[in-house]
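Asks: Below you'll find the structure I mean.
Values quoted throughout were computed directly from the atomic coordinates according to the rules given, and no laboratory measurement underlies them. Fair warning: this is a prediction, and the values are worked out from it, not measured in the lab. Here the Cβ is made from the backbone with ideal geometry for all residues, glycine too, and neighbour counts use every protein chain on show.
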Amino acid sequence: MAQRPRILWIGEGNAPPVNVQQAIAGQWDISCASAGQTLSSQLQDVSVAMVRLNGSTNNPARLQQLLDDLAGTDAVVLVLLPEGALAARSIIGKRTGQFQCVSPDAPPQELAGRLSAANQLQPALHSLRQELACVQDQRENTEHILEEIDEQLRLAARLQRDFLPRRLPEVGPLHFAVLYRPLSWVSGDMYDVARLDETNVSFYIADVVGHGMPAALLTMFIKKALQTKRILGNQYQIIPPDVSLGMLNADICEQNLSSSQFCTAVYGVLDSKTLTLSYSRAGHPEPILVRADGRVESLTVSGSLLGIFPEGAFPAQQVQLEHGDRMILYTDGLEDAVRPAGTPRDVPLVDIIRPWLTVPREELMLNINDLVERQAEQSLVEDDVTLVVMDVDG
């Protein structure tokens, strides 16, 4: 014989009225709530709770507390409430689904129908609560995982910055400044400026395709793989830029990276006494040379991308610098980061930043950084941004 559904009567000490008793006769088991136990414990195996508020209708705080206690259970709640109890009906009406109002004078047939409908609704309510609890557990687990990932990315960003020069060298008349702005925690851009000996300085800027963690890992490989000097016993030899990029390209290709990552770069070696610059380019945006008299030149030289063709070539080029010259190296993320909305893409970077090309180095960096920040506020920055400026003081 099937077990009859159960009702918990919550009537503040009063037994169920006649119309309720007639509605449940022979169909339901009913018990009265005990003041000595919590409602949740008494409603564990109960399909429906019937509530007669009596004096609670004029006590909103007491009513809210009762509704909160019932809301933590799986029972469907029928509240016997007069039509004129507008305030109480308004409060209960905001808790749709689990709570339903019915007149305390409703005939037994109506109450029986309401109870039957509530009994059919209760399994669905129970199922929804279980799904909600599962979703809540998953959300908490996901939040924990995201917190761990966020912390790992913070540590990765700190590690990547440890690979960057802590202090830019100043050799003779050469002075450097850098703007480095990852799109997220870590960057696909890498740069370095290093003193090779008493007079020679090497510098490079590299940009791995994409951004985020995969690109950042390759930048650290580049940092360690790029060779600048050969030690020959008690002597050393500065490696020319074309040879350095060629060896770096071979090292990346030998890794046979599964994600087919590649990168661009510009690498140069500058003699601070003669101001002779030797440089090679690997598919990277051309450096901008601003002469002391304000003329602007592009340091053009062909070169393959790094990490695609083992036989790639990176011809070296030389240029004679003069006191008062300025050289600007950048990754392609800067071009979009400073391009005002609506500006055609064929407008070169040099035309966008032309008003600041000859201002003092600190002012140049501040103006470009402000422009990047304004673009970022409009969600117009979509890539890592790196800018390296070298001044040859007069």
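Asks: Hey, could you grab the Kirkwood Rh for the chain? Inverse mean 1/r over distinct alpha carbon pairs, Å, one decimal.
Replies: It is 27.2 Å.
Asks: Something else now. Convert each backbone phi in the stretch 107-123 into a coupling constant with the Karplus relation 6.51 cos²θ - 1.76 cosθ + 1.60 (shift: θ = phi - 60°), then list the ³J(HN,Hα) values in order as whole Hz, x for Gly and Pro.
Replies: x, x, 4, 5, 5, 4, x, 4, 5, 4, 5, 5, 5, 6, 6, 4, x
Asks: Give me a comma-separated list of calculated 3J(HN,Hα) values for the stretch 22-27, in order, Karplus coefficients 6.51, -1.76, 1.60 applied at θ = phi - 60°, integers in Hz, x for any Gly or Pro.
Replies: 5, 5, 9, 3, x, 10
Asks: Oh, and also: When you count, for each residue, the other Cβ atoms within 10 Å and take the mean per peptide, how do 147-159, 108-120, 131-143 rank with the highest first? Spell out each step's value before the answer.
Replies: Numbers: 147-159: 12.2, 108-120: 16.6, 131-143: 10.0.
Result, highest mean Cβ count within 10 Å first: 108-120, 147-159, 131-143.
Asks: Next up: In debye, nearest 20, what is the charge dipole magnitude of the stretch 6-133 about its Cα centre with +1 on Lys and Arg Cβ and -1 on Asp and Glu Cβ, if you could check?
Replies: Here the stretch 6-133 has a charge dipole of around 200 debye.
Asks: Can you list residues whose amide H is under 5 Å from residue 385's amide H, if they're 5+ apart or on another chain and H is modeled 1.01 Å from N?
Replies: 181, 183
Asks: While we're looking at this one, here's another question. Whole-Hz Karplus ³J(HN,Hα) for the stretch 36-52, in order, using 6.51 cos²θ - 1.76 cosθ + 1.60 and θ = phi - 60°, x for Gly and Pro?
Replies: Per residue, the Karplus-derived 3J(HN,Hα) values read x, 10, 6, 4, 4, 6, 7, 9, 4, 10, 10, 7, 9, 10, 10, 10, 10 Hz.
Asks: For the chain, what is the calculated [θ] at 222 nm in deg cm²/dmol (nearest 500), taking -39500 (n - 2.57) for each run of four or more DSSP H residues and dividing by its residue count?
Replies: Dividing the helical sum by the residues of the chain leaves -11500 deg cm²/dmol.
Asks: Go ahead and collect, in residue order, the members of the stretch 167-205 whose backbone nitrogen is under 14 Å from a label point 7 Å along the Cα-Cβ direction of residue 369.
Replies: Of the residues in the stretch 167-205, 177-182 have backbone N under 14 Å from the label point off residue 369.
Asks: How many nm separate the modelled label positions at residue 154 and residue 175, each set 7 Å beyond the Cα in the direction of the Cβ?
Replies: With each label point 7 Å from Cα toward Cβ, the separation is 3.6 nm.
Asks: Moving on. Ordered by packing density, taken as the mean number of other Cβ atoms within 10 Å over each peptide's residues, highest first, how do 33-46, 327-340 rank?
Replies: Values: 33-46: 13.4, 327-340: 22.1.
With the highest mean Cβ count within 10 Å placed first, the list reads 327-340, 33-46.
Asks: Next question, about the same structure. How far apart, in nm, are the 7 Å Cα→Cβ label points at residue 29 and residue 357?
Replies: Computed distance between label sites residue 29 and residue 357 equals 9.1 nm.
Asks: Still on this structure, please answer the following. For residue 205, list long-range residues whose amide hydrogen, built 1.01 Å from N in the peptide plane, is under 5 Å from its own amide hydrogen.
Replies: 266
Asks: On to the next question. Report the Stokes-Einstein translational diffusion coefficient (µm² s⁻¹, integer) for the stretch 6-133, Rh taken as the Kirkwood radius over Cα pairs, at 10 °C with viscosity 1.306 mPa s.
Replies: The estimated diffusion coefficient comes to 108 µm²/s.
Asks: Would you grab the residues whose amide H sits under 5 Å from the one on residue 4? Only those 5+ places off in sequence or on another chain, please, with H modelled 1.01 Å from N.
Replies: none
Asks: Which percentage, to the nearest 5, of the DSSP beta bridges contained in the chain is antiparallel?
Replies: 75
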